[in-house]
Amino acid sequence: MIEDTIAAVSTAKGKGGVAMIRISGPDALEVAKKVFRTHGAEIAPRKCLYGDIIRENEIIDDGTLTYFAAPHSYTGEDVCEICCHGGIYVTSAVLEAVLSSGARIAEAGEFTRRAYINGKLTLSRAEAVGAIIDARTDNQLKLSSSQERGVLSSKLSEIRENMLAMLSRSYATIDYPDEDIAEVEREEMRHSLDKIVSELENLKKSYRAGRAIAEGIKTSVAGKPNSGKSTLYNRIFGSDVSIVTDIEGTTRDVIEHTVSLGGVTLSLSDTAGIRETTDAVEKIGVERAKSKINEAELIICVFDASTKENALDSEIIDLANGKSAIAVINKCDCEKKISPEFEKKIREKFKYVASVSAKTGEGVSIIAEIVSKMYDLSEINISSDAVISNARQHSSVKLALDGAKEAREALISGESNDIVCYSLERALAELEMIDSRNVSEEIVNEIFSHFCVGK
Ligand SMILES: Nc1nc2c(ncn2[C@@H]2O[C@H](COP(=O)(O)OP(=O)(O)OP(=O)(O)O)[C@@H](O)[C@H]2O)c(=O)[nH]1
Ligand SMILES: [Mg+2]
């Protein structure tokens, strides 16, 4: 049972038109009444009132007060929201007045944590609240908004219901063993298990796209000097963030930005052109490029079609060997000097090849299509499908799937019902971890520590 009342500025730090101070807890209304005078109007739930904001008996600002009575509020507790002018000083003065009237300052994510504790949000929906605030791309927003609305939670509880129904049926069979009934039951159990396994497999599969959107893919642009890496980088990013010249060895530092390409979130690095060099600064750049390429999950290898290939191009092919990579044959607006043999080699070594002109933009959309395909984005509807998007959810789904498959194996190989049920119960327990209200304090702390104060 939570007994204290918390408060924080819920709007972003800094100067703005309006700021909002949220108060939540059993004394929220009492605290609000001490700092807000309504000019005689009655405070009622969900009614927004205009009035004066008071600190130490003095009016310091005017604004609005909205009261949400428990349990019909974000946190499930009594909540009062005071909006004042959005100046930095005035906002902290209003907060100070609230704090000296009986509330204590909220910790990061504490409002949402209370919403979770009070059963207003499942854990995956609470995670989604954080993801909405952190969203930097359209797909990140669509995905987190769908999770926040409970699309994933509903799917999880649907699978859970199916598991529970199956368990209760099979326990009935254990208690009343009857040969004929058992046969029919086992056939039905097989159907139910097939469905559970296939639903869990779909969820597990959705992680490829979910992670690519939510977490993003570390991607490095690689190629020999002057192949057009920075030109391509700027084209994908949509502005000239990386210096482009016709001098070999222009880029030295690693340039890194988050971009959305083909709906996938890429943490995209531009790097120095790979070559042997005596220039001390460029040498460091080349070393950094190699280590970025090494740690990248996806490499975009740029080849210059307007020059004859050399040993450096072969080195790029080797660097990408065994990794997720896209070959970009650049400068397709120029006369082709790259040999047909080498182009053939590129097409043999890379599953994905795009002919582009980074300069004119021609073919760049093909790279977006490739990325989208590589990370299964076409296989999901981000706004309406249940998609898992973080390692915690993935690990639980994976273990639940293992349990469900084990139960199916046991059933097929004629094991007794209690052995089948044992595995299915394990699967159920794992699945419940995703939205459970009983996960360890450590996990809850980890989730809410990423939130900002005021949310
Ligand atoms: N015609 C044509 N020129 C291009 C294209 N892409 C890049 N260039 C030119 O090629 C030269 C080198 O481009 P950059 O993007 O700086 O090449 P880079 O690979 O980043 O080079 P380093 O940073 O030195 O490794 C510049 O003069 C660009 O304008 C293209 O698609 N077509
Ligand atoms: Mg460059």
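Quick note: the coordinates plus some simple rules give every number you see, no bench work behind them. Just so you know, these numbers come straight off a predicted model, no measurement behind them. As a convention, Cβ positions derive from the backbone with ideal geometry for all residues, glycine included, and neighbour counts pool all protein chains shown.
Helix hunt in the chain: which complete DSSP H runs extend at least 24 Å axially by C-alpha with mean Kyte-Doolittle at least -1.0?
Working: long enough: 151-175 (36 Å, 0.12); 179-214 (51 Å, -0.82); 391-412 (31 Å, -0.31); 417-435 (28 Å, 0.26).
Once both thresholds are applied, what remains is 151-175, 179-214, 391-412, 417-435.
May I ask you to derive the relative contact order of the chain, considering only C-alpha pairs under 8 Å and at least 6 residues apart, and to give it as an integer percent? Walk me through the numbers on the way to the answer.
Working: 858 pairs, mean separation 77.0, N = 455.
Answer for the chain is 17 percent.
If each residue of separation counts as 0.36 nm, what is the full-extension length gain between Ser198 and Ile59 once their alpha-carbon separation is subtracted?
Result for the pair: 43.8 nm of gain on full extension.
For segment 217-379, give the magnitude of the charge dipole about the Cα centre (Cβ charges: +1 Lys/Arg, -1 Asp/Glu; no others), in debye to the nearest 20. Don't skip to the end; give the middle numbers.
Numbers: 22 positive and 26 negative charges, 43 e Å.
My answer is approximately 200 debye.
Taking R0 as 22 Å, what's the FRET efficiency between Asn321 and Arg288 from their Cβ-Cβ distance, rounded to 0.05? List each step's numbers first, then the result.
Numbers: r = 21 Å, r/R0 = 0.93.
For R0 = 22 Å, the calculated efficiency reads 0.60.
Report, in debye and to the nearest 20, how large the dipole of segment 56-167 comes out about its Cα centre when Lys and Arg carry +1 and Asp and Glu carry -1 on their Cβ.
Numbers: 10 positive and 16 negative charges, 152 e Å.
With Lys and Arg at +1 and Asp and Glu at -1, about 740 debye.
Rule-of-thumb check for the chain: C-alpha Rg over 2.2 N^0.38 Å? Could you put the intermediate results ahead of the total?
On the way: Rg = 28.8 Å, N = 455, 2.2 N^0.38 = 22.5 Å.
This ratio for the chain stands at 1.28.
Would you grab the residues whose amide H sits under 5 Å from the one on Ser355? Only those 5+ places off in sequence or on another chain, please, with H modelled 1.01 Å from N.
When sequence neighbours closer than 5 places are left aside, the close amide H contacts are Ile329.
If we count other beta carbons within 10 Å of each Cβ, what is the order of His39, His257, His72, fewest first? Walk me through the numbers before you get to the answer.
Numbers: His39 9, His257 16, His72 12.
The fewest-first ordering by Cβ neighbours comes to His39, His72, His257.
Taking the simple approach of a point 7 Å from Cα along Cα-to-Cβ for both Asp376 and Val18, what is their distance in nm?
4.2 nm
Rounded to two decimals, what is the ratio between the C-alpha radius of gyration of segment 6-106 and 2.2 N^0.38 Å?
The value comes to 0.95.
Which of Gly63, Ala44, Ala106 sits closest to the plus end of the dipole of segment 6-106, meaning its Cα is farthest towards the positive end, when Lys and Arg get +1 and Asp and Glu get -1 on the C-beta?
Ala106
What is the dipole size for segment 6-106, taken about its Cα centre, with +1 at each Lys and Arg Cβ and -1 at each Asp and Glu Cβ, in debye to the nearest 20?
240 debye
Quick check on my link table: of Lys323/Lys345; Lys229/Lys359; Lys308/Lys344; Lys336/Lys373; Lys47/Lys455; Lys290/Lys331, which ones sit more than 19 Å apart, alpha carbon to alpha carbon?
Details: Lys323/Lys345 17 Å; Lys229/Lys359 11 Å; Lys308/Lys344 14 Å; Lys336/Lys373 28 Å; Lys47/Lys455 22 Å; Lys290/Lys331 23 Å.
Where the Cα-Cα span goes over 19 Å, the pairs concerned are Lys336/Lys373; Lys47/Lys455; Lys290/Lys331.
On a C-alpha basis, how far is the centre of segment 104-166 from the centre of segment 311-371 in Å? Whole number, if you could?
For segment 104-166 versus segment 311-371, the Cα centre distance is 41 Å.
If I stretch the segment between Ile443 and Thr307 completely, what's the gain in nm (0.36 nm per residue apart, minus their alpha carbon distance), one decimal?
43.5 nm
Taking other Cβ within 10 Å of each residue's Cβ, how do Tyr89, Tyr375 sort, fewest first?
With the fewest neighbours first, Tyr89, Tyr375 line up as Tyr89, Tyr375.
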